[in-house]
Amino acid sequence: MSLFSCERNNPQIQSTESVTISINIIRKQLSAIRKKKSIIPDGTPREILKLDREAMIPYLARLLNIMMNNNAIPGDWKKAIVVSIYKGGDRSVVRNHRPVSLISVVCKQMEHIIAGYLREVWKMSGCLYEGKYGFRQRCSCKSQLVTVCQDIVDSLDEGVRTGTIIIDFSKVFD
C-alpha cells in the first residue's frame with residue numbers, strides 16, 4: 001500500500017466548487033507569526049501583520065480566496081532570498097551550512113493554510129496510510145520509532161521471521 005493510497009474508495013479530488021478560506025483560519029495563522037529580523041523579498045513587514053492583525057484579516061481573506069480560486073500567485077511571492085545557515089563544525093566546509101529560502105510572510109501563511117486544507121482532504125478521504133509519520137501533526141519520529149519497535153517485539157513474540165532495512169536519511173534535506 002502506498003503512503004498516499006486510496007485503494008479502498010479511490011476518490012478523485014476534482015472540484016468545481018470555489019475554495020473559501022475563512023477569516024478564523026487567517027486569524028489563527030496571523031497569530032502564529034513570529035517576529036523575526038530577516039528581510040523578506042516582497043517588503044511586507046511582519047510587524048504590520050502582527051500589530052494590526054484584525055484590520056488586515058478581511059483584506060487577506062479576499063486576496064487569498066481570489067488567488068485560490070483563480071490559480072494565481074503574485075510574482076513577488078515566487079521570489080526568495082536564499083541565505084546560508086551555519087549548522088556546526090568547520091565554517092569553511094560547505095556541507096556544514098544549509099540554504100534557507102526567505103519568502104513573503106503572506107505567502108508563507110498561504111502555504112500553511114493550503115497544507116492544512118490538504119491534510120483535512122487526505123484525512124477525510126482516507127488517502128494517508130496511518131503508518132505515515134513524516135509530516136502529520138502529532139506524529140513525530142519518536143512516536144514512529146516506538147511503533148516500529150513495538151511491531152518488531154510483537155513479531156518476535158509471535159515467532160514471525162522479522163527483518164529490517166535501515167536507511168540513514170539524516171542528510172536528505174541538506
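The values are calculated or read from the model by the stated rules, or taken from the named source; none is laboratory data. Note that the structure is predicted; figures quoted are calculated from it, not measured. Every residue, glycine among them, receives a Cβ derived from its backbone with ideal geometry; neighbour counts consider all protein chains shown.
Brief remarks on what is shown
- The criterion of being surrounded by 10 or more Cβ atoms within 10 Å (Cβ to Cβ) and among the acidic types (Asp, Glu) does not hold for Asp90.
- Within segment 145-169, the set of residues being over 20 Å from Lys132 (Cβ atoms), of a type in the set (Asp, Glu) and part of a helix (DSSP H, G or I) comprises just one member, Asp157.
- Flag if Arg138 is surrounded by fewer than 11 Cβ atoms within 10 Å (Cβ to Cβ) and modelled with pLDDT of 85 or more: no
- For Asn65, the criteria (1) touching a helix residue (DSSP H, G or I) at 6+ places or on another chain (Cβ under 9 Å); (2) farther than 21 Å from Glu47 by Cβ; (3) surrounded by 14 or more Cβ atoms within 10 Å (Cβ to Cβ) hold in every case but one, which is (1).
- Residues of segment 82-105 that are in a helix (DSSP H, G or I) and over 15 Å from the mean Cα position of the chain (by Cα): Val94, Arg95, Asn96.
- Cβ pairs under 7 Å, 6+ apart, first in segment 117-130 and touching a residue at least 60 places away in the same chain (Cβ under 8 Å), second outside any loop (DSSP other than H, G, I, E, B): Leu128/Trp122
- Residue satisfying condition, being within 26 Å of Ile26 (Cβ to Cβ) and either among the polar types (S, T, N, Q) or touching a residue at least 60 places away in the same chain (Cβ under 8 Å) (or both), within set Ser143, Ser101: Ser101
- Pairs where the first residue, in segment 69-81, is in a strand (DSSP E or B) and the second is of a type outside the set (A, V, I, L, M), C-beta under 6 Å, 6+ apart: Ile81/Pro41
- If the condition is being charged (D, E, K, R) and either touching a strand residue (DSSP E or B) at 6+ places or on another chain (Cβ under 8 Å) or assigned to a helix (DSSP H, G or I) (or both), then segment 44-68 contributes Arg46, Glu47, Lys50, Arg53, Glu54, Arg62.
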